[in-house]
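Input: a single structure, listed below in structure tokens.
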Amino acid sequence: MYDEVEYIYQEFQKHFIGKQKEPIILYGIGKNTRELLPRISEYNIEGLMDGNRKEGTVYGRPILDYEDVLRLNVKTIVIIARPAVISVIYHRISEFCLENSITVYDIHGQDLTEIYVNQENDIPYFHLSSKDLKEEIEKHDIISFDV
């Protein structure tokens, strides 16, 4: 039987074992974070982040906002979330993290900046202005979109 919590724990151990002493923030306050925290007590988890909550505590850890992250000088954020929402979370915090030299990882140890910047560079229309996009659209009879 598949045990999601065990899988997340094993992935975290495999990819972040060398960062045990570094301050780390976990992004996500769901059940997987709740189950993971007691199992990674040897890590320096400074707190948690969430898209909706910016203060208080959960699972005995402070919920941090951007100012807290800067004050604590954290350079590593690990997103603990369902794969379907990782992109949304990354884009929510990416500008702040890039400006402050904070690396954002998924549970597999992948630096999400490398993944998403490369994806955006692979899309030929991503950096066009709205005027240029409209001109490009007018050149075609059929337009399709991937959502």
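Note that region 1-122 presents 55 Å² accessible area per residue, ligands and nucleic acids not counted, probe 1.4 Å.
Using only side-chain charges placed at the Cβ, +1 for Lys and Arg and -1 for Asp and Glu, the dipole size of the chain relative to its Cα centre rounds to 620 debye. How many percent of the alpha carbon pairs in the chain exceed a separation of 18 Å? Here the tail beyond 18 Å accounts for 61 percent of pairs.
Distance cut-off 29 Å, Cα to Cα: go down the list 75/134; 21/54; 54/134; 75/131 and report the pairs above it. 75/134; 54/134; 75/131, as the Cα separations exceed 29 Å there.
Share of the chain's accessible area from carbon and sulfur, percent, 1.4 Å?
Numbers: 4790 of 9430 Å².
The C+S portion of the solvent-accessible surface of the chain is 51 percent.
For region 26-75, the alpha-carbon radius of gyration amounts to 1.07 times the rule-of-thumb value 2.2 N^0.38 Å expected for a compact globular protein.
Amide H contacts under 5 Å for residue 105: 77, 78, 79, 112, restricted to partners 5 or more places along the chain or on a different chain, H placed in the peptide plane at 1.01 Å from N.
The values are calculated or read from the model by the stated rules, or taken from the named source; none is laboratory data. All values reported here derive from a predicted model rather than from experimental measurement. Note that we place each Cβ from the backbone using ideal geometry, even for glycine, and neighbour counts take in every protein chain shown. When the accessible area is computed, the model is the full protein with side chains, heavy atoms only, and any ligands, DNA or RNA have been set aside. Shrake-Rupley method; radii C 1.70, N 1.55, O 1.52, S 1.80 Å.
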